[in-house]
Amino acid sequence: MTENGDVTPLVQMENVNKHFGALHVLKDINLTVSRGEVLVVIGPSGGGKSTLCRTINRLETIDGGKIVFDGQVLPEEGKGLARLRSEVGMVFQSFNLFAHKTIRENVTLGPTKVRRQARAAADTRAMELLERVGIAAQADKYPAQLSGGQQQRVAIARALAMDPKMILFDEPTSALDPEMVQEVLDVMIGLARDGMTMMVVTHEMGFARRAANRVVFMADGQIVEENTPDEFFTNAQTERARDFLSKIL
Ligand code: ADP
Ligand code: MG
């Protein structure tokens, strides 16, 4: 539940199906994400985790079932879709910053172009967000001048600049050198504490234990298991999940 007491789920997926040609990648997915919830999605490569994330901001269409976001069935196109995209932030494995724009410009671009915010207001907000992720001193540099961990923190600030209702993280630390993983996870843990609704695909079990309300284990396009992190890591219910955990822990 959020501070204003809204108990309706933010995301409701009902019997969601998705094919890529003959490949059935999402099989009857039923999943709810509550407001303020941090959901961690784990599972073997190719299991459909990225596709699942991408259906929520409709980077992927679905071919069966329905997805309700904040009380509305996902729009197919047009203004509704643009609004949805701005309400659901996304942070990818590869940071996807604009190489020829400064850090500050990367963060203000969405608010000024999509939201038509005034430049000065967008700048002020960008600096607050860069402060929050610990990058304010780098605001006038270009992405290539920053480390991977710093670039990923900028990507998070850029997502936050749109005041999203939710942020999807698809393996946000997988491309980072090991020594940079924690600085990104720390920012994410901070967001979780502040009540951001998050869906996080990750193999970082420390993060899952500290920040997740729920863990979803996905394999072969299905949700195989869903539990609290404590239960999942100490007492997985399925052979499939136990086998996966034995390989990564
Ligand atoms: P995960 O993120 O769990 O590794 P994905 O959602 O990326 O899984 O992929 C699920 C399956 O769908 C994989 O077999 C993958 O090869 C396939 N797939 C993903 N995207 C596409 C696409 N755009 N076209 C065809 N097949 C795809
Ligand atoms: Mg993936």
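Here is a check on your reading of the model: is residue 27 more than 16 Å from ligand 2 (Cβ to nearest atom) and not in a loop (DSSP other than H, G, I, E, B)? Break it down into steps so the answer makes sense when it comes.
Numbers: more than 16 Å from ligand 2 (Cβ to nearest atom): yes; not in a loop (DSSP other than H, G, I, E, B): yes.
Spelling it out, residue 27 is indeed more than 16 Å from ligand 2 (Cβ to nearest atom) and not in a loop (DSSP other than H, G, I, E, B).
I'm trying to understand the selection: among the residues of the range 29-49, which are within 15 Å of ligand 1 (Cβ to nearest atom) and more than 18 Å from residue 212 (Cβ to Cβ)?
Those that are within 15 Å of ligand 1 (Cβ to nearest atom) and more than 18 Å from residue 212 (Cβ to Cβ): 29, 44, 45, 46, 48.
Can you say whether residue 184 is of a type in the set (A, V, I, L, M) and within 16 Å of ligand 2 (Cβ to nearest atom), as far as the supplied structure shows? Quick ask: steps written out before the conclusion?
Numbers: of a type in the set (A, V, I, L, M): yes; within 16 Å of ligand 2 (Cβ to nearest atom): no.
Spelling it out, it is not the case that residue 184 is of a type in the set (A, V, I, L, M) and within 16 Å of ligand 2 (Cβ to nearest atom).
In the range 123-149, which residues are charged (D, E, K, R) and under 21 Å from residue 38 (Cα atoms)? Break it down into steps so the answer makes sense when it comes.
Pass one, the range 123-149, residues charged (D, E, K, R): 123, 125, 128, 131-132, 140-141.
Residue satisfying the conditions is 132 alone.
How many residues, within the range 35-63, are within 13 Å of ligand 2 (Cβ to nearest atom), touching a helix residue (DSSP H, G or I) at 6+ places or on another chain (Cβ under 6 Å) and assigned to a strand (DSSP E or B)?
1
Test each condition in (1) of a type outside the set (D, E, K, R); (2) on the phi > 0 side of the Ramachandran plot; (3) in a strand (DSSP E or B) for residue 67 and report the one that comes out false.
Every listed condition holds for residue 67 apart from (2).
Yes or no: the range 72-84 includes at least one residue that is more than 15 Å from ligand 2 (Cβ to nearest atom), more than 18 Å from the chain's Cα centre (by Cα) and touching a residue at least 40 places away in the same chain (Cβ under 8 Å).
No, the range 72-84 has no match at all.
Does residue 115 satisfy the condition of being out of contact with any strand residue (DSSP E or B) (no Cβ under 9 Å at 6 or more places or on another chain) and either more than 16 Å from ligand 1 (Cβ to nearest atom) or not aromatic (Phe, Trp, Tyr) (or both)? Can you show your working first?
Working: out of contact with any strand residue (DSSP E or B) (no Cβ under 9 Å at 6 or more places or on another chain): yes; either more than 16 Å from ligand 1 (Cβ to nearest atom) or not aromatic (Phe, Trp, Tyr) (or both): yes.
Yes, satisfied.
From the residues in the range 106-121 that are part of a loop (DSSP other than H, G, I, E, B) and over 22 Å from the mean Cα position of the chain (by Cα), which one is modelled with the lowest pLDDT? Step through it out loud before you land on a result.
To start, the set of residues in the range 106-121 that are part of a loop (DSSP other than H, G, I, E, B) comprises 114-118.
Within this subset, residues satisfying the condition of being over 22 Å from the mean Cα position of the chain (by Cα) are 116-118.
Working: 116: 88, 117: 91, 118: 93.
In this case the residue turns out to be 116.
The conditions are (1) surrounded by fewer than 20 Cβ atoms within 10 Å (Cβ to Cβ); (2) without any contact (Cβ under 8 Å) to a residue 24 or more places away in the chain; (3) in a loop (DSSP other than H, G, I, E, B), and residue 175 fails exactly one of them. Which is it?
Every listed condition holds for residue 175 apart from (2).
List pairs: first in the range 14-35 and closer than 20 Å to residue 226 by Cβ and free of Cβ contacts under 8 Å to residues at least 40 places away in the same chain, second buried (at least 21 other Cβ atoms within 10 Å of the Cβ) and among the hydrophobic types (A, V, I, L, M, F, W, C), Cβ under 8 Å, 6+ apart or cross-chain?
If the second residue must be buried (at least 21 other Cβ atoms within 10 Å of the Cβ) and among the hydrophobic types (A, V, I, L, M, F, W, C), the pairs left are 32/11; 32/13.
May I ask you to list the residues in the range 71-101 that are crowded, with 18+ Cβ neighbours inside 10 Å and of a type in the set (D, E, K, R)?
85, the sole residue that qualifies.
Somewhere in the range 183-192, is a residue assigned to a loop (DSSP other than H, G, I, E, B), at pLDDT 95 or above and surrounded by fewer than 16 Cβ atoms within 10 Å (Cβ to Cβ)?
Applying the first criterion (assigned to a loop (DSSP other than H, G, I, E, B)) to the range 183-192 yields none.
For the range 183-192, residues assigned to a loop (DSSP other than H, G, I, E, B), at pLDDT 95 or above and surrounded by fewer than 16 Cβ atoms within 10 Å (Cβ to Cβ): absent.
Would you point out the residue of the range 208-249, among those that are in contact with a helix residue (DSSP H, G or I) (Cβ under 7 Å, 6 or more places away or on another chain) and in a loop (DSSP other than H, G, I, E, B), that is farthest from residue 45 (Cα to Cα)?
Out of the qualifying residues, it is 212.
Just a yes or no: is a residue in the range 150-165 among the hydrophobic types (A, V, I, L, M, F, W, C), under 26 Å from residue 39 (Cβ atoms) and in a loop (DSSP other than H, G, I, E, B)? Walk me through it before giving the result.
Taking the range 150-165 first, the residues among the hydrophobic types (A, V, I, L, M, F, W, C) are 154-157, 159-162.
So of that shortlist, the ones also under 26 Å from residue 39 (Cβ atoms) come out as 154-157, 159-162.
Filter once more, keeping what is in a loop (DSSP other than H, G, I, E, B): 161-162.
For the range 150-165, residues among the hydrophobic types (A, V, I, L, M, F, W, C), under 26 Å from residue 39 (Cβ atoms) and in a loop (DSSP other than H, G, I, E, B): present.
The values are calculated or read from the model by the stated rules, or taken from the named source; none is laboratory data. Just so it is clear, the model here is predicted, and its values are computed rather than measured. Glycine also receives a Cβ, built like all others from the backbone with ideal geometry; neighbour counts cover every protein chain displayed.
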